[in-house]
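K.L.:
Can you keep this structure in mind? I'll have questions shortly.
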Amino acid sequence: MRKREARMSCVSFGENCHREPRGDGNFEERFKTMKKDKENIDENKVPESVSEAVPPAAEENVESGVSHARKAADDFKSAAGAVAGEYRGRAEEVWNDARYRVRGFQEDSEQYVRENPTKAIFTALGVGFVLGLIFRR
């Protein structure tokens, strides 16, 4: 019953249940080699701390890499700050220019309405009528 269930689950997942074992088939030789390696380990040669296990040259390379990464990060931070400041200044210029133009347009339109009130009223009625037709559909 279990074989049938396992077979059904393999079929339902589209797997091949009848696979050959992986590797070159020399399990006994690999097992013997592993056993010899385990026997050759001398417990007295195991380092007591990480500093004993890591060679000094590797520590120097790590420290050099860390200092290089910190320097690169600091350089990137300063460059990004400079670019951000530049874009901030440009954005403020554009914002002030847009506010100035809008204020000028508002003042001009108020002046036009005061000088030509009838035209302004009929223009507003026409624009409202056209927008009403457009949005009605």
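K.L.:
Can you compute the charge dipole magnitude of region 47-137 about its Cα centre, using +1 on each Lys and Arg Cβ and -1 on each Asp and Glu Cβ, nothing else charged? Give it in debye, rounded to the nearest 20. Please report the intermediate quantities before stating the final value.
P.N.:
Details: 12 positive and 15 negative charges, 260 e Å.
Result for region 47-137 is approximately 1240 debye, rounded to the nearest 20.
K.L.:
Over all alpha-carbon pairs in region 72-137, figure out the percentage whose distance exceeds 16 Å. Write out the running numbers ahead of the final one.
P.N.:
Details: 1517 of 2145 pairs.
Counting every Cα pair in region 72-137, those more than 16 Å apart make up 71 percent.
K.L.:
Oh, and also: Using a cut-off of 13 Å between beta-carbons, work out the net charge of the residues near ALA80 (Lys and Arg +1, Asp and Glu -1, ALA80 not included).
P.N.:
Details: positive: LYS77, ARG88; negative: ASP74, ASP75, GLU86.
Result for the neighbourhood of ALA80: -1.
Read-outs: derived from the displayed coordinates by stated rules, not from any lab. Because the structure is a prediction, the values reported are computed rather than measured. Cβ: placed from backbone, ideal geometry, glycine included. Neighbour counts: every protein chain shown.
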